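> My questions all concern the structure below.
Each value in this text was obtained by applying a stated rule to the coordinates, not by laboratory testing. Remember, predicted model here, so these are calculated numbers, not experimental data. Using ideal geometry, Cβ is built from the backbone for each residue, glycine included, and neighbour counts are taken over all protein chains shown.
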Amino acid sequence: MEEIRVPQLGQSVEEASIVEWLKQEGDHVKKGDPLFTLQTDKAEIEHESPVDGVLRKILLEPDILAPVLTVAALIGGEDEPLPDLSQYDGADSAPAGEAAVAAAHDAPAAPAPGAGEVTRPTPPSTTPEETRRHKASPRARAQAARLGLAEQELEGVTGSGPAGRVLEEDVAAAGQPPTRVAPTAKRLAEMEGVDLRRVTGTGPGGRIMKEDVERAAAQAPAGAAVPTPAETGPAAQPSPDAARRTPLSPMRRIIAERMVESKTNAPHYYMTVEVDMAESARFREGGGAFKPSYNDFVLRAAARGLQAFPMVNARWAGDAIEESADINLGFAVALPTGLVVPVVKEAQRKSLQDIHRETRELTDKARNNRLTPDDYTGNTFTVSNLGALGVDHFTAIINQPDSAILAVGQIKDRPVVIDGGIHVRPIMKLTLSSDHRVIDGALAAQFLGYVKTVLENADY
């Protein structure tokens, strides 16, 4: 029986969650077949089966954050007996510390096992009163109090701890929508305003399918609202204006942490230049079949600027400033789940055609959840382009460990004065955010001026 584990995707990735299982229990799989999509702190990617066989058991449900190397599934022969599944219990339950305390509290003393024997805790004899009292951990009871859950409602919560003990996250999850939901069903529920807690799933293992949501939407009265356990508790005050809460995905949580860290630790300052893109536009139109994007132009110009001013390609190292040997250009790609930054490695060695081809490939991989850790790590400078979304000008937060990020606005016809005359030219605004610990103002201005010259002369 082959254990399929949550993969280790780079040294910085410590935990991940499965977004969707692409195979179901009982399905035949071949080596290389996509098994599930995985959400890490930086990207959503597909994980492939390392072996041929039958998906015998799914152990890790979607949307549960788990440490890397957690066993997610078992693949084996069609008639191969399953191992003792209790050894995999707790992958999505309480932290080890609380689980251990609960187990120690509930387990009686037992003689040491003999060779090859496995002993499991047996609950001691308790009165009904003690059973009710010890079923929920102290932290679970505190969480219930915060949510306004009555004692009877707490007793109805299914526990995931040892001997069915109710843990803090069990109480928190009691008012949350179910996790076994097909992505199309989840999107439809959001559109139709269907509360998934009231939907019975008819898919494998009780999974809620699109048809289940459609059925619930047809049966629900217009404008019906379903209260959460917290709203029905004695201390709760129902409010029609209650905010909708969306649990943080790993990507969104890490984006928040890193942006706060960058903005707090790196002293940002900003400078903006206007670039006349007329020559670049002519270059693009005269390229025949080869039609680079304007973002390709900016990346190529940035690579040339970083070669001319290598200290902009450096990073703060606490007791030193480290100048990177290679120019690795990150470029931001917006996805429905957040932001990813694929990286063009060794851009100083690549032509405009090379950059054009690689950015297309990386963007396609990002949008199809096929980025690998090597595709989005190692950046030394980042370009963020919101011009395609109609943004004229903005300032970006530095994507650490970089020391600078270039924000690109849209190209827009504007009146400009040239040789005393007024002309209409396609103008693009570039704004450089710099870390003042590494890059002084004069250096940033020189770098930005160099990039402007490359773009205005189409010197690619």
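> At 7 Å along the Cα-to-beta-carbon direction for both residue 191 and residue 253, put a label point, then send me their distance in nm to one decimal.
Between residue 191 and residue 253, the simple spin-label model gives 3.0 nm.
> Lysines within cross-link reach of residue 365: Cα-Cα under 23 Å, excluding same-chain residues under 8 positions apart?
23, 30, 31, 42, 291, 345, 350
> OK, next. As an exercise, identify the chymotrypsin sites (Phe, Trp or Tyr not before Pro) in segment 253-334 lying in DSSP coil whose Cβ has no more than 11 other Cβ atoms within 10 Å.
290
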